[in-house]
There are 2 protein chains.
Amino acid sequence: AVVDKGVDFANYFCTYAFLYHQKEMLSDRVRMDAYCMSIFKNKHHFKDKTVLDVGTGSGILAIWCAQAGARKVYAVEATKMSEHARQLVKANNLQGIVEVIEGSIEDITLPEKVDVIISEWMGYFLLRESMLDSVICARDRWLKPTGMMYPSHARMWIAPIRSGLGNQRKNDYESSMIEWDNFVDDTHHHYGVNMRVLTDSYRKENEKYYLQTSLWSNLEPDQVVGIPAIVMELDCLTATVDDIRSLNANFSTSISMESAIVAGFAGWFDVHFRGSQSNPAQHEIELSTAPSRNNPTHWGQQVFLSNPSFIVKGGDKITGSFSMTRSVENHRLLNVEFSYHLQKSSGQLLNSTTSRFYID
Amino acid sequence: AVVDKGVDFANYFCTYAFLYHQKEMLSDRVRMDAYCMSIFKNKHHFKDKTVLDVGTGSGILAIWCAQAGARKVYAVEATKMSEHARQLVKANNLQGIVEVIEGSIEDITLPEKVDVIISEWMGYFLLRESMLDSVICARDRWLKPTGMMYPSHARMWIAPIRSGLGNQRKNDYESSMIEWDNFVDDTHHHYGVNMRVLTDSYRKENEKYYLQTSLWSNLEPDQVVGIPAIVMELDCLTATVDDIRSLNANFSTSISMESAIVAGFAGWFDVHFRGSQSNPAQHEIELSTAPSRNNPTHWGQQVFLSNPSFIVKGGDKITGSFSMTRSVENHRLLNVEFSYHLQKSSGQLLNSTTSRFYID
Ligand SMILES: Nc1ncnc2c1ncn2[C@@H]1O[C@H](CSCC[C@H](N)C(=O)O)[C@@H](O)[C@H]1O
Ligand SMILES: Nc1ncnc2c1ncn2[C@@H]1O[C@H](CSCC[C@H](N)C(=O)O)[C@@H](O)[C@H]1O
């Protein structure tokens, strides 16, 4: 699938050209603390080194790297935000070290290879936005053989959850179908046209919107009712685009509550800053987007509703497979499939289910 | 400016591919009644005629034309909504008369010229979406010399209004700037980076968003404080794309209330279905989107806030000029400029002002 750059800009990059949007990311304390600590607690990774910041946005990561002692930082940004990054670099007196380059990382050229590639490329449930592709491209072209990635590792997690969202969305879905029925009656009555034949199509459109599209949510830890399972682990130094283009994993999760109604699954990610094998971090930092009372992130979790919800007891297991592919229409959006059954502690198998979702 | 079709689809057409969006238009009673009446009270315009429906969406207008006695209706739709239109035509037993063609009107070919072109092409403040370009293109290629346009005429109106929206948006704008200041302090304090230098750019971004972007609103008639003025009149049979690419008009409006605080201007439109000079409508129908208590439309009015607001008395006049051009980045969006002063009944001139707005 060839990506039309103009379309990609209209759909994806345009939002990043707003300071408002950059500010939202810059206000996410968990995100900011993790990157800041990963750099300043591991200054030996940056002192006198050359660094590439892929998608510098406001320039924040590039500036930190320079403050931590980098000799040279290339800060590449596809949107006009590059101009603000340049302003910010100058106002913080780092124009001798940080060079802001406007362009997509796929198109630009650097005068040298770098020791470190830093980037904040993570989207909802890690891979939405598919920006890791660009970081991999940068790595293959511009990282020295001895170089390291910041972050160095990433993982995707899923867990069964309880939540009122399930019933809420089902109610919204049902109301919208009742409203449709009224609309069909009215249109027939007032305007002499019978639209009943579109009811199935409208139902499909609504199912997709209300039930099959994952929801952003910041869950409380006690909404997680089973032991979280890892469905993907990634070494940023070696991962290829093929590794992430489609994922498949088996999972099994034991119910950790006495009893609960499972509304569906939540998906989230964490990344780690470990440096490289030959030059490990002195202080290993973790950035986690797991459900958390005190440390929510702007990423939150993605919720995939089960339809219908089902009852579980402590000791039951949910076992199955998870897969993720890219949307054919827009490579930055994802399709997810859960296939699972409930294994009672008695050994009985129940609720064999396959559900598909869109991360839009 | 060459329009990239892929980008145009991503930005514009995609929404029309949802039944949800078509349903919103099909639920607008004022819109529906006007088109329905214009057709069924003027059946002589359709009986045994050939019709072209530009942008048929669900197919509703094409179906009405067929029901009114058309010999043949070509129903052209750029999006996959064409498939639903085809279903609907068949379910209403009109597949012998209505031919649904998927494609943009600019690209498709018809086997014959037509007697009537019908289309619901109007966007916010008439010209947003620039779909009239496509209707003009269709007319120049496919309308018989004796043919007629449905609607046949269109007008744009402006009037000074009072509204709480002005203060609300100014408050929102100011809160957002206070929040920015806190953000700058926090970022400096916690993360050692001074973002103060971006304050002017953030202010501009926020001014644009909160103060210089027109607002959708359904105003009450008594919020209109001056006699509405026409800033554009258009004969759909003869208008060219050059006529609408940029507009310039002088206007003058007399305050019709004893006293009021003017929060800005509202803009709206109406269209008429008059048939043609040689074959006029028997019942002339008007579709108006003016402020109205009982007949609001999904178009509402566009509100352009004056900054600051100003006091007027009965008999005062607001006199000035209005202009509208297309956004350079997206030809379907508009830029508007108001230049005006207040002429007191004493003859004194006050508040000479020029303000620019975006219709996004
Ligand atoms: N292929 C690419 N080339 C250059 N910039 C890209 C890119 N893909 C995404 N980006 C940019 O990467 C940024 C990701 S958001 C992160 C911004 C900044 N590094 C911070 O941590 O605050 C956006 O500004 C986006 O425009
Ligand atoms: N250039 C073009 N060619 C074909 N269809 C177009 C078009 N520009 C806009 N459209 C379509 O025109 C429709 C306008 S909305 C009106 C829909 C329908 N006629 C009704 O009155 O309910 C949308 O469905 C849009 O996809």
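Where a number appears in this text, it was derived from the coordinates with a stated rule and is not lab data. Keep in mind it's a predicted model, so treat the numbers as computed, not measured. Because the Cβ atoms are built from the backbone with ideal geometry, glycine has one as well, and the counts that use them run over all protein chains shown.
Can you pull the mean other chain C-beta count within 10 Å for peptide B:25-33? Working shown, then result.
On the way: counts 0, 6, 5, 0, 3, 0, 0, 4, 2.
The shielding value for this peptide is 2.
Working from the pairwise distances between different alpha carbons, so that the mean of 1/r is found and then inverted, what is chain A's Kirkwood radius in Å?
Averaging 1/r across every pair of different Cα atoms and inverting gives 22.4 Å.
Distances longer than 47 Å among the Cα atoms of the protein assembly as shown: what percent of all pairs is that?
32 percent
Using a Gaussian network model on chain B with a 10 Å cutoff between Cα atoms, which of B:Leu198, B:Leu287, B:Leu61 fluctuates the most?
B:Leu198
Sketch the reach of a paramagnetic label on B:Thr146 as a point 7 Å from Cα along Cα-to-Cβ, and name the residues of the range B:250-276 whose backbone nitrogen lies under 15 Å away.
Under 15 Å, as judged by backbone N against the label point of B:Thr146, lie B:276 of the range B:250-276.
Once amide H atoms are built 1.01 Å from N in the peptide plane, which residues 5 or more positions from B:Leu334, or in another chain, come under 5 Å H to H?
B:Ser327, B:Ile359
Non-local amide H neighbours of A:Ser276 (under 5 Å, H modeled in plane, Pro and chain starts lacking H): which ones?
Here the answer is A:Ala281, since their amide H atoms fall under 5 Å of that of A:Ser276.
Hey, what did the range B:151-263 get for relative contact order, percent, Cα under 8 Å, at least 6 apart?
Working: 109 pairs, mean separation 56.1, N = 113.
With pairs under 8 Å counted, the relative contact order is 50 percent.
Taking 22 Å as R0, compute the FRET efficiency from the Cβ-Cβ separation of A:Val3 and B:Asp4 and round it to 0.05.
Efficiency computed from Cβ-Cβ geometry: 0.95.
Placing a label point 7 Å from Cα toward Cβ, how far apart in nm is A:Ala91 from its equivalents in the other copies, listed shortest first to one decimal?
5.7
Given the rule -39500 (n - 2.57) for each run of at least 4 DSSP H residues, summed and divided by the residues of the protein assembly as shown, what is its mean residue ellipticity at 222 nm, to the nearest 500 deg cm²/dmol?
For the protein assembly as shown, the value works out to -8000 deg cm²/dmol.
What does the copy distance list look like for A:Ser346, label position 7 Å along Cα→Cβ, in nm and ordered from shortest?
The projected label point of A:Ser346 is separated from its counterparts by 9.2 nm.
Calculate one ³J(HN,Hα) per residue across the range A:163-168 by plugging θ = phi - 60° into the Karplus curve 6.51 cos²θ - 1.76 cosθ + 1.60, and present them in order as whole Hz with x for glycine and proline.
Coupling constants for the range A:163-168: 5, x, 4, x, 5, 4 Hz.
Under unit Cβ charges (Lys, Arg +1; Asp, Glu -1), what dipole magnitude, rounded to 20 debye, does the protein assembly as shown have relative to its Cα centre?
Value, rounded to 20: 80 debye.
Taking the 0 to 90 degree range and rounding to the nearest ten, how far is the long axis of helix A:29-40 tilted relative to the main principal axis of chain A, both from C-alpha atoms?
30 degrees
What ³J(HN,Hα) values, in whole Hz, does the Karplus curve 6.51 cos²θ - 1.76 cosθ + 1.60 give for the range B:282-287 when θ = phi - 60°, with x put for Gly and Pro?
Ordered by residue, 3J(HN,Hα) equals 7, 10, 7, 10, 10, 10 Hz.
When the Kirkwood radius is taken over all Cα pairs of the range A:216-360, what Stokes-Einstein diffusion coefficient follows at 4 °C and 1.567 mPa s, in µm²/s?
76 µm²/s
How much FRET efficiency would the formula 1/(1 + (r/R0)^6) give for B:Asn294 and B:Thr15, where r is the Cβ-Cβ distance and R0 is 30 Å, rounded to 0.05?
0.60
Give the residues of the range A:98-128 whose amide nitrogen is closer than 15 Å to a point set 7 Å from the Cα of A:Ser276 in the direction of its Cβ.
Correct set: A:113-118.
Scan around B:Val114 for amide H atoms under 5 Å from its own, H built in the peptide plane at 1.01 Å from N, and keep only partners 5 or more places away or cross-chain.
Amide H to amide H, under 5 Å and 5 or more residues apart or across chains, B:Val114 pairs with B:Leu143, B:Lys144.
With r as the distance between the Cβ atoms of B:Glu337 and A:Ala91 and R0 = 22 Å, compute the FRET efficiency 1/(1 + (r/R0)^6) and round to 0.05.
Calculated transfer efficiency: 0.05.
Could you work out which residue, out of A:Glu284, A:Glu329, A:Glu207, moves most in a Gaussian network model of chain A, that is, has the largest mean-square fluctuation with Cα springs under 10 Å?
Maximum fluctuation in the GNM of chain A, among the listed residues, is at A:Glu329.
Can you work out the Karplus-derived ³J(HN,Hα) for every residue in the range A:252-261? Use 6.51 cos²θ - 1.76 cosθ + 1.60 with θ = phi - 60°, whole Hz, and x for glycine or proline.
Karplus values, whole Hz, x for Gly and Pro: 8, 9, 8, 5, 9, 10, 4, 7, 6, 9.
Note the angle between two axes, namely the Cα long axis of helix B:132-142 and the longest principal axis of the Cα atoms of chain B, as a number of degrees from 0 to 90, rounded to the nearest 10.
20 degrees
In nm, one decimal, shortest first: how far is the label point of B:Asp48 (7 Å from Cα along Cα to beta carbon) from the matching points in the other copies?
9.6
Which distance in nm do the two modelled labels at B:Thr199 and B:Ser252 give, with both placed 7 Å along the Cα-to-Cβ direction?
Between B:Thr199 and B:Ser252, the label points sit 4.5 nm apart.
Report the per residue volume, in Å³, of the convex hull enclosing the C-alpha atoms of the range B:287-341.
Numbers: hull volume 8.6 nm³, N = 55.
Output value, Cα hull per residue: 156 Å³.
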